[in-house]
Amino acid sequence: MTPGQAPGGCTSGQPSLAHANLQHWLDFFCSSAVTEASLGVIQPLTAEEACGFLGCMVVETGEPELENLDVVEAGSGAGRGAMQYTGVRRTAYDAARLQAIAEGMEPNSNGWQELYFAEEYAGMHDPPEGSLIGWTRVFEDRPSCMDPAEAAAYWTGSAAEAQGYFRPGTPHTERRQAEALRVWGLVQSGALVLPPTGA
């Protein structure tokens with residue numbers, strides 16, 4: 001890697017303000033911030049893995065720039081939040097959301113959504129019945145060397161096959177992969193900038 005070049009081959013520089021929320025999540029996923037927030041459970045993602053995950057989030061929320069995160073699922077209204085928490089996961093999310101509002105926090109903010117995501121995976125919002133999502137070990141057992149499209153498919157999984165992180169009833173995998181590649185293109189062009197190695 002040459003000086004001034006970020007991991008993944010793109011030239012480091014100033015991120016675009018047009019993509020501020022995508023940048024916030026990229027910084028979170030590709031640095032020790034995700035490890036700290038998840039109490040050591042989730043290790044930093046590669047740029048490709050993060051772009052795959054962000055592509056899924058775009059499809060989940062319907063927000064190409066992740067501008068609104070505390071969104072309710074269109075149509076059924078079953079899911080809510082950046083990860084479209086549903087069922088017992090929605091119950092826990094709603095309780096944490098109301099607590100955050102009571103404490104003067106903004107549940108639509110990147111920071112709160114990132115923290116909730118990490119805490120939920122680490123088991124900090126689990127009901128007495130057991131883990132909401134951490135039992136899947138999708139972060140601990142992820143394959144190595146995935147490209148953005150492969151990562152999007154991996155994170156997506158499906159409800160029918162009981163695989164992946166998002167596990168939607170209708171995966172729309174191609175849409176998620178297309179968004180992952182769009183975000184990857186922003187990284188490659190320098191519009192999104194990866195955090196320094198070891199950050």
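Per DSSP H run of at least 4 residues, take -39500 (n - 2.57); add these up for the chain, divide by its residues and hand me the 222 nm value, nearest 500 deg cm²/dmol. Kindly include the intermediate steps, with their values, before the conclusion.
Numbers: 7 runs with 85 residues, N = 199.
Computed mean residue ellipticity for the chain: -13500 deg cm²/dmol.
For ARG89, what charge total do you get from the other residues with a beta carbon under 14 Å from its beta carbon, if Lys and Arg give +1 and Asp and Glu give -1?
On the way: positive: ARG80, ARG90, ARG97, ARG167; negative: GLU60, GLU73, ASP94, GLU119, GLU120, ASP126, GLU129.
Local charge sum for ARG89: -3.
May I ask for the net charge around GLY164, where only other residues with Cβ less than 11 Å from the Cβ of GLY164 are counted and Lys, Arg are +1 while Asp, Glu are -1?
Within the 11 Å Cβ shell, the charges total +2.
Quick query: amide H of TYR85 versus all other amide H atoms, modeled in the peptide plane; which residues come in under 5 Å with a sequence gap of 5 or more or a different chain?
ARG80
Which ³J(HN,Hα) values in Hz, rounded to whole numbers, follow from the phi angles of the range 66-71 under the Karplus curve 6.51 cos²θ - 1.76 cosθ + 1.60, where θ = phi - 60° and Gly and Pro get x?
Coupling constants for the range 66-71: 6, 6, 10, 10, 7, 9 Hz.
Neighbour counts of other C-beta atoms within 10 Å: give me TRP112, TRP184 arranged from fewest to most. The partial results should precede the final answer.
Working: TRP112 20, TRP184 25.
Fewest-to-most Cβ neighbours within 10 Å comes out as TRP112, TRP184.
What list do you get for THR91, THR173, THR197 if you sort them by fewest beta carbons within 10 Å? Intermediate results must be reported in sequence, preceding the final value.
Numbers: THR91 14, THR173 18, THR197 11.
Fewest to most other Cβ atoms nearby, the residues stand as THR197, THR91, THR173.
What order do you get for MET57, MET83, MET146, MET105 when you list them from fewest to most C-beta neighbours inside 10 Å?
The order, fewest Cβ neighbours first, is MET105, MET146, MET83, MET57.
Would you work out if the range 32-111 is rounded, prolate or oblate? Take a ≥ b ≥ c from the square roots of the eigenvalues of the alpha-carbon gyration tensor; rounded if a/c is under 1.5, else prolate when a/b is larger than b/c, oblate otherwise. All intermediate terms of the calculation are to be shown ahead of the outcome.
On the way: a/c = 1.76, a/b = 1.19, b/c = 1.47.
Oblate shape, in that a/c is at least 1.5 and b/c is the bigger or equal ratio.
Among 148-157, 67-76, what's the highest-first ranking by average C-beta atoms within 10 angstrom per residue?
Details: 148-157: 23.5, 67-76: 13.9.
Packing proxy ranking, top to bottom: 148-157, 67-76.
What does the C-alpha gyration tensor say about the overall shape of the range 135-199? Classify as rounded when a/c is under 1.5, otherwise prolate if a/b is larger than b/c, or oblate.
Working: a/c = 2.93, a/b = 1.49, b/c = 1.97.
Note, shape of the range 135-199 comes out oblate.
Taking a ≥ b ≥ c as the square roots of the eigenvalues of the Cα gyration tensor of the chain, is the shape rounded (a/c under 1.5), prolate (a/b larger than b/c) or oblate? Kindly include the intermediate steps, with their values, before the conclusion.
Working: a/c = 1.55, a/b = 1.42, b/c = 1.09.
Note, shape of the chain comes out prolate.
What is the dipole size for the chain, taken about its Cα centre, with +1 at each Lys and Arg Cβ and -1 at each Asp and Glu Cβ, in debye to the nearest 20?
220
Each reported figure results from applying straightforward, stated rules to the coordinates on display, with no laboratory input. As the structure is a prediction and not an experimental result, all values here were calculated from the model. For neighbour counting, all protein chains shown are included, and Cβ atoms are generated from backbone atoms with ideal geometry for every residue, glycine included.
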